[in-house]
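Visitor: Mind looking over this structure? Questions follow.
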Amino acid sequence: LDRDYNLTVQYPPEVFALSLPVDSTVLTITDENRSDSLTISWQAAVVDFVDTMRYDLSFIGDLTILPAFSQVTDTLVKLPYQEIVDSLLAHGKTSAITGQWEIFAVGDNGKTWSSINGPFTLTIDASTVAVAHRDLLPGQFALHQNYPNPFNPTTTLRFDLPEASEVYLVVYDLLGRQLVQLADGRREAGYHQIVWNGRDNRGRELPTGLYIARMVTPEFTRSIKLVLLK
């Protein structure tokens, strides 16, 4: 009995590897170079029958305080040193931190592959900057632009308080409907950050679109635009 079969074989991806920063890198951030950025790069993964490949950057260990990246289509991201310093200050870190980073390739078929040579170890020493600024309070109220933006699925919102204050931080859609409340209560003076996972108050994933984050204190009000791009 002769039968015809249509068989699709899923081959493993061509080997893709982490590139920069090289394994066991020690990054030192100072006042002189804090305007620079950390470049994180890797090779492209190619898989038969997969048209679109996206990449998730994952931090491990002490590095989890850094902003992660998801659904990146390029093979390179840049993390400003200032963002790193702000994350350290927000978490009270004034000494060097060590952790690992890894890239996961995610195909449009839902399958995920990790790099062939990761994870890589990375040490970040911003102690001279962090210690110098630890006891310095922000000079004014501020809500900074979220990072990354566009984002998927998480993004970090940073705000500064020169004095202890009640803080109300809410995300709205373009119709003015409240979607999620990120902060509602008293916060101490200093540098703060909140990671939003792109979900509403009920835990539901929000669709691609433009959203508004609004911060209100008794002394300050500001709104920023957030772009969720899936």
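Visitor: Which is touching a His at 6+ places or on another chain (Cβ under 8 Å), among the aromatic types (Phe, Trp, Tyr) and under 26 Å from Thr94 (Cβ atoms), of Phe141, Phe159? Show your work before the answer.
Guide: Values: Phe141 fails: touching a His at 6+ places or on another chain (Cβ under 8 Å).
Among Phe141, Phe159, only Phe159 is touching a His at 6+ places or on another chain (Cβ under 8 Å), among the aromatic types (Phe, Trp, Tyr) and under 26 Å from Thr94 (Cβ atoms).
Visitor: Which residues, taken from region 25-60, are part of a strand (DSSP E or B) and aromatic (Phe, Trp, Tyr)? Don't jump to the end; show me each part of the working.
Guide: The first filter runs over region 25-60 and keeps only residues part of a strand (DSSP E or B), leaving 25-28, 37-42, 53-60.
Scanning region 25-60 gives Trp42, Tyr55, Phe59.
Visitor: Please state which one of Leu57, Leu76, Leu63 is touching a strand residue (DSSP E or B) at 6+ places or on another chain (Cβ under 7 Å) and in contact (Cβ under 8 Å) with a residue 60 or more places away in the chain. Lay out the reasoning, then the answer.
Guide: Working: Leu57 fails: in contact (Cβ under 8 Å) with a residue 60 or more places away in the chain; Leu76 fails: in contact (Cβ under 8 Å) with a residue 60 or more places away in the chain.
When all the criteria are applied, what remains is Leu63.
Visitor: Is at least one residue of region 93-105 part of a strand (DSSP E or B), surrounded by fewer than 19 Cβ atoms within 10 Å (Cβ to Cβ) and hydrophobic (A, V, I, L, M, F, W, C)? Break it down into steps so the answer makes sense when it comes.
Guide: In the first step, residues of region 93-105 are kept if they are part of a strand (DSSP E or B); the result is 97-105.
Okay, now just the ones that are also surrounded by fewer than 19 Cβ atoms within 10 Å (Cβ to Cβ), so 98-100, 102, 104.
Checking which are hydrophobic (A, V, I, L, M, F, W, C) leaves us with 104.
Scanning region 93-105 turns up at least one residue that is part of a strand (DSSP E or B), surrounded by fewer than 19 Cβ atoms within 10 Å (Cβ to Cβ) and hydrophobic (A, V, I, L, M, F, W, C).
Residue-wise test of (1) aliphatic (A, V, I, L, M); (2) closer than 26 Å to Leu63 by Cβ.
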site	(1), (2)
Phe151	no, yes
Glu163	no, no
Leu169	yes, yes
Glu188	no, yes
Gly203	no, no
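Visitor: Out of (1) at pLDDT 90 or above; (2) closer than 22 Å to Pro153 by Cβ; (3) hydrophobic (A, V, I, L, M, F, W, C), what's the single condition that is false for Phe69?
Guide: The one condition Phe69 does not meet is (1).
Visitor: Okay, next question. Quick check, is Glu83 modelled with pLDDT under 90, charged (D, E, K, R), in contact with a strand residue (DSSP E or B) (Cβ under 9 Å, 6 or more places away or on another chain) and not assigned by TED's automatic domain parsing to the domain that holds Ala189?
Guide: Working: modelled with pLDDT under 90: yes; charged (D, E, K, R): yes; in contact with a strand residue (DSSP E or B) (Cβ under 9 Å, 6 or more places away or on another chain): yes; not assigned by TED's automatic domain parsing to the domain that holds Ala189: yes.
So Glu83 passes the test.
Visitor: Still on this structure, I have one more. Any residue that is charged (D, E, K, R) and either in contact with a helix residue (DSSP H, G or I) (Cβ under 6 Å, 6 or more places away or on another chain) or over 26 Å from Asn149 (Cβ atoms) (or both) - is there at least one of those in region 78-85? Give the derivation first.
Guide: If we filter region 78-85 for residues that are charged (D, E, K, R), which is where we start, we get 78, 83.
Imposing the further condition that a residue be either in contact with a helix residue (DSSP H, G or I) (Cβ under 6 Å, 6 or more places away or on another chain) or over 26 Å from Asn149 (Cβ atoms) (or both) reduces the set to none.
Taking every residue of region 78-85 in turn, none turns out to be charged (D, E, K, R) and either in contact with a helix residue (DSSP H, G or I) (Cβ under 6 Å, 6 or more places away or on another chain) or over 26 Å from Asn149 (Cβ atoms) (or both).
Visitor: Hey, another quick one. Can you pull out the residues in region 200-221 that are over 22 Å from Asp108 (Cα atoms) and surrounded by 15 or more Cβ atoms within 10 Å (Cβ to Cβ)?
Guide: Selection gives Asp200, Tyr211, Ile212, Ala213, Arg214, Met215, Val216, Thr217, Phe220.
The values are calculated or read from the model by the stated rules, or taken from the named source; none is laboratory data. Just so it is clear, the model here is predicted, and its values are computed rather than measured. So basically every Cβ, Gly included, is an ideal-geometry build from the backbone, and we count neighbours across all protein chains shown.
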